[in-house]
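Enquirer: I am attaching a structure below and will ask some questions about it afterwards.
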Amino acid sequence: MTNNNVLIFDTTLRDGEQSPGATMTHSEKLEIAELLDEMGVDIIEAGFPIASEGDFNAVSDIAKRAENATICGLARANYKDIDRCWEAVQHAKSPRIHTFIGTSELHRAIPNLTMDEMAERIHDTVTHARNLCDNVQWSPMDATRTEWDYLCRVVEIAIKAGASTINIPDTVGYTAPIESADLIRRLIATVPGADEVIFATHCHNDLGMATANSLAAVEGGARQIECTINGLGERAGNTALEEVVMALKVRGDIMPYTTKIDTTKIMNISRRVATVSGFAVQFNKAIVGKNAFAHESGIHQDGMLKNKETFEIMRPEDVGLAGTSLPLGKHSGRAALRAKLEELGLDLADNQLKELFVRFKDLADRKKEVFDDDILALVHQNAGAEDKLKLVSLRVTCGTDGPQTADMTLEIDGTAQSTTATGDGPVDATFNAVKALFAHGARLQLYQVSAVTEGTDAQATVSVRMEEDGRITTGQSADTDTVVASAKAYINALNRLMVRREHSEPGYDTKGVSYKDAT
Ligand code: KIV
Ligand code: ZN
């Protein structure tokens, strides 16, 4: 590795998945890990193995499958966490244990440890991790609010105990670029042995400075950036992978650092993470937002037609956005669909293509032009063969003269059941019909509709978020009929909730494991 190569450490599956409602299923986690591996991410933080059986299995399966990336698991500063983490990551070609403890005064107060007691704990746990695994990362959580002298002391202890990566988290998104660069620079200059390890930066976006702080840390000497796809993460999220990677690529003139990321894979993974996490990407989000490469105003369009560089600092192709291509229609055959999928960077097995083609034909019968985004929405539909609930049919009556009613047939565990329900509007009537057929106590927290493309025949994408006994799940679906999309999204969330019920106690899941119990 040259000194100017910056390692990309992706924590979408750990810190990202920690956002309430962003929980992914096992197969979704494996799929995202595969995409991260393919795009050239150096280290994948695949989960928090002690948190649940589900997290353990995901980390362990990802470790077994990864081709190129180092696979890392998170562990608090205790032997039990570290042993469990090793059990999960040990199968990887290149495993890593990441152990951490909160070192600021506020965080030290939680396990009620004195500075000396915590220092001893750090020495013991990093030594223990290093005895299991050659590759150990250590993080002083809330580093940016930790007393300077104490931070130097504990970093030195971790290095001496065998950590080869020292991550400096800005856990609460408090730092600013000047400070971020300065902190890493001073640590490298001050702590004995610092020149022998890699310093990492892990920023949160509470003040909207995560990307700037991460890049500043690189300027200060950090050579690993921790980030997530779409900036997914608790509260305002983590540093967005696509932003730091593209900033380094586009502004290599003033930031002469390289990464191994194949940037043409960015759009695909961004869409996939948005779908499986249920966290839609805001339209004006840098790099991956729907409007990031759209030029609407007359003056911009005029400039673009004359010379694209007038308003474009990077090419859409660089992030995997295909140039404008012809839409498909009802006369398009399977070969055209396959070619389109290839153009979009999607590689489907023959049986998947066959199944997709049926749904494509159905859509093309209802919609004159089927655009790229329509195809992507079809590919990313969440319905699975193993789903407990399936929508068979829905007929809704609505309008000014009420009452709004929904006639619905659902297949529940393979048996068709029908009902008619009323409600305050067509969506309410539809959701009441689902509830009448499949009683549940989940509360709808969020219901959101957006159009996939333009025009009145556009597909609607509906996202819902539901909560039951502290478990939060999301569901998504797309259809040219907004009410059908709503029904499918609601059913999708219920199916995911049932998977969650099987894998976690009420109020206790990946997010339920407290960072406090670091003993
Ligand atoms: O933000 C943080 O401090 C973390 C640690 C667990 C590294 O995510
Ligand atoms: Zn974090």
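The values are calculated or read from the model by the stated rules, or taken from the named source; none is laboratory data. Predicted model only: the values in this text are computed from it and were never measured. Cβ atoms come from the backbone with ideal geometry, glycine included; neighbour counts cover every protein chain shown. Surface accessibility is based on the protein's heavy atoms, side chains included, excluding ligands, DNA and RNA. Shrake-Rupley method; radii C 1.70, N 1.55, O 1.52, S 1.80 Å.
Enquirer: Between residues in segment 165-188 that are over 18 Å from residue 7 (Cβ atoms) and residues that are outside any helix (DSSP H, G or I) and among the acidic types (Asp, Glu), which pairs lie under 8 Å by C-beta distance while being six or more apart or on different chains?
Expert: 171/142; 172/142; 172/206; 173/206; 174/206
Enquirer: Select from segment 188-221 the residues that are assigned to a loop (DSSP other than H, G, I, E, B) and more than 14 Å from ligand 1 (Cβ to nearest atom) and list them in ascending order.
Expert: Those that are assigned to a loop (DSSP other than H, G, I, E, B) and more than 14 Å from ligand 1 (Cβ to nearest atom): 191, 192, 193, 197, 207, 208, 209, 220, 221.
Enquirer: Hey, could you check segment 87-108 for residues that are open to solvent by 40 Å² or more (accessible area, probe 1.4 Å) and away from ligand 2 (no atom under 16 Å from the Cβ) and say which is nearest to residue 202 (Cα to Cα)?
Expert: Across segment 87-108, the extreme among qualifying residues is 105.
Enquirer: Which residue is nearest to ligand 2 (Cβ to nearest atom), if the candidates are limited to segment 232-253 and must be free of Cβ contacts under 8 Å to residues at least 40 places away in the same chain and open to solvent by 10 Å² or more (accessible area, probe 1.4 Å)?
Expert: 247
Enquirer: Hey, can you tell me all the residues within segment 184-213 that are within 15 Å of ligand 2 (Cβ to nearest atom), over 18 Å from the mean Cα position of the chain (by Cα) and among the hydroxyl-bearing types (Ser, Thr, Tyr)?
Expert: Hit for segment 184-213 is 201, nothing else.
Enquirer: Right, next: For residue 236, which of the numbered conditions (1) closer than 22 Å to residue 39 by Cβ; (2) hydrophobic (A, V, I, L, M, F, W, C); (3) within 14 Å of ligand 1 (Cβ to nearest atom) fails to hold?
Expert: Among (1) closer than 22 Å to residue 39 by Cβ; (2) hydrophobic (A, V, I, L, M, F, W, C); (3) within 14 Å of ligand 1 (Cβ to nearest atom), the lone unmet condition for residue 236 is (1).
Enquirer: What residue, of 407, 413, 401, 372, is under 35 Å from the mean Cα position of the chain (by Cα), open to solvent by 50 Å² or more (accessible area, probe 1.4 Å) and not polar (S, T, N, Q)? It would help to see each step written out before you state the result.
Expert: Details: 407 fails: under 35 Å from the mean Cα position of the chain (by Cα); 401 fails: under 35 Å from the mean Cα position of the chain (by Cα); 372 fails: open to solvent by 50 Å² or more (accessible area, probe 1.4 Å).
Exactly one residue qualifies, and that residue is 413.
Enquirer: A further question follows. If a residue has to be of a type in the set (Ser, Thr, Tyr), within 15 Å of ligand 2 (Cβ to nearest atom) and touching a helix residue (DSSP H, G or I) at 6+ places or on another chain (Cβ under 7 Å) to count, how many in segment 130-168 make the cut?
Expert: Of the residues in that region, 1 qualify.
Enquirer: Would it be correct to say that residue 9 is farther than 17 Å from residue 276 by Cα, within 16 Å of ligand 2 (Cβ to nearest atom) and not acidic (Asp, Glu)?
Expert: Yes, satisfied.
Enquirer: Determine which single condition residue 370 fails, assuming it passes every other condition in (1) hydrophobic (A, V, I, L, M, F, W, C); (2) farther than 30 Å from residue 347 by Cα; (3) touching a residue at least 40 places away in the same chain (Cβ under 8 Å).
Expert: Among (1) hydrophobic (A, V, I, L, M, F, W, C); (2) farther than 30 Å from residue 347 by Cα; (3) touching a residue at least 40 places away in the same chain (Cβ under 8 Å), the lone unmet condition for residue 370 is (2).
Enquirer: Only residues that are more than 23 Å from the chain's Cα centre (by Cα) and in contact (Cβ under 8 Å) with a residue 40 or more places away in the chain: list them for segment 82-109, please.
Expert: Within segment 82-109, 82, 83, 86, 90, 101, 102, 103, 104, 105 qualify.
Enquirer: How many residues, within segment 214-225, are touching a Cys at 6+ places or on another chain (Cβ under 8 Å) and either more than 14 Å from residue 166 (Cα to Cα) or within 13 Å of ligand 2 (Cβ to nearest atom) (or both)?
Expert: 1
Every residue, every condition in (1) open to solvent by less than 10 Å² (accessible area, probe 1.4 Å); (2) within 16 Å of residue 103 (Cβ to Cβ), yes or no:
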| site | (1), (2) |
| --- | --- |
| 151 | yes, yes |
| 154 | yes, yes |
| 170 | yes, yes |
| 176 | no, no |
| 183 | no, yes |
| 198 | no, no |
| 209 | no, no |
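Enquirer: Within segment 12-46, which residues are touching a residue at least 40 places away in the same chain (Cβ under 8 Å), open to solvent by less than 10 Å² (accessible area, probe 1.4 Å), in a helix (DSSP H, G or I) and away from ligand 2 (no atom under 15 Å from the Cβ)?
Expert: Within segment 12-46, 32, 36, 39 meet the criteria.
Enquirer: Where in segment 439-493 are there strands (runs of 3 or more DSSP E), lying wholly inside it, with at least 1 residues that are surrounded by 24 or more Cβ atoms within 10 Å (Cβ to Cβ)?
Expert: Working: elements: 443-451, 460-468, 471-479.
Where strands (runs of 3 or more DSSP E) fall fully within segment 439-493 and carry at least 1 residues being surrounded by 24 or more Cβ atoms within 10 Å (Cβ to Cβ), they are 460-468, 471-479.
Enquirer: Restricting to segment 358-369, and then to whatever is open to solvent by less than 30 Å² (accessible area, probe 1.4 Å) and in a helix (DSSP H, G or I), can you tell me which residue is nearest to residue 478 (Cα to Cα)?
Expert: In this case the residue turns out to be 363.
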